[in-house]
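Heads up: the structure comes next, in C-alpha cells.
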Amino acid sequence: MKSSLYLGTQLRTLRIKNGYTQQQISDFLGLDRSTYAYYETNRTTPPLSTLKKLARIFNVSISSLLENEQNQPSVFDPDALTFTDLDHNLSHIYELQPEERQLIAMFRLSDPKTKKSILKGLSKHIQNQNNKP
C-alpha cells in the first residue's frame with residue numbers, strides 16, 4: 001500500500017484514538033473541516049507544514065504518519081472506539097476531558113518559548129491558589 005493512501009487511515013486512527021473530532025483538529029490547524037476530512041479520505045495530501053503540526057498534535061513522528069500499514073500493527077474496533085496497539089503502550093489521552101485534550105493539542109503546537117511561559121504561568125497560578133487562606 002502506498003504511503004499516501006495509508007496516510008488518511010493513519011490520521012483518522014490517531015484522531016479517534018486521541019479523542020478528537022475532525023472539527024477540533026481542523027480548528028487547531030486553522031483549516032475548514034472539509035479540508036481535513038479530505039486528508040483522512042485521501043482526496044488530498046496535506047502539505048509538509050500541516051504534517052508537522054499533525055505529528056505534534058498526535059505526538060508522533062512525521063515518518064510514523066507516512067509509514068506503511070504493515071509497520072503499524074493495531075486493532076481497531078469501530079463500534080467500541082477502542083484500540084489495541086501491539087507495539088506500543090497507549091497514551092491515556094482518550095481518558096481526558098475535552099478541555100484537557102484541547103490544552104494538550106494547543107501546547108504541542110506552541111513554540112518552546114510559549115510552552116515555557118504556559119508552564120510558568122500555570123505553576124504560579126497553582127502556587128497562588130495553594131497560598132490562599
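Some points to look at:
- Close contacts from the stretch 114-125, counting a first residue that is assigned to a helix (DSSP H, G or I) and a second that is surrounded by 10 or more Cβ atoms within 10 Å (Cβ to Cβ), with Cβ to Cβ under 7 Å and a gap of 6+ residues or different chains, come to Lys115/Phe107; Ile118/Phe107; Ile118/Ser110.
- Wholly within the stretch 1-92, helices (runs of 4 or more DSSP H) carrying at least 3 residues that are surrounded by fewer than 18 Cβ atoms within 10 Å (Cβ to Cβ) and either out of contact with any Lys or Arg (no Cβ under 7 Å at 6 or more places or on another chain) or modelled with pLDDT under 90 (or both): 3-17, 33-40, 48-58, 62-66
- Tyr20 being more than 15 Å from the chain's Cα centre (by Cα) and touching a residue at least 60 places away in the same chain (Cβ under 8 Å): no
The values are calculated or read from the model by the stated rules, or taken from the named source; none is laboratory data. Since we're looking at a predicted model, the values are computed, not measured. Please note: Cβ atoms are built from the backbone with ideal geometry, for glycine as well, and neighbour counts cover all protein chains shown.
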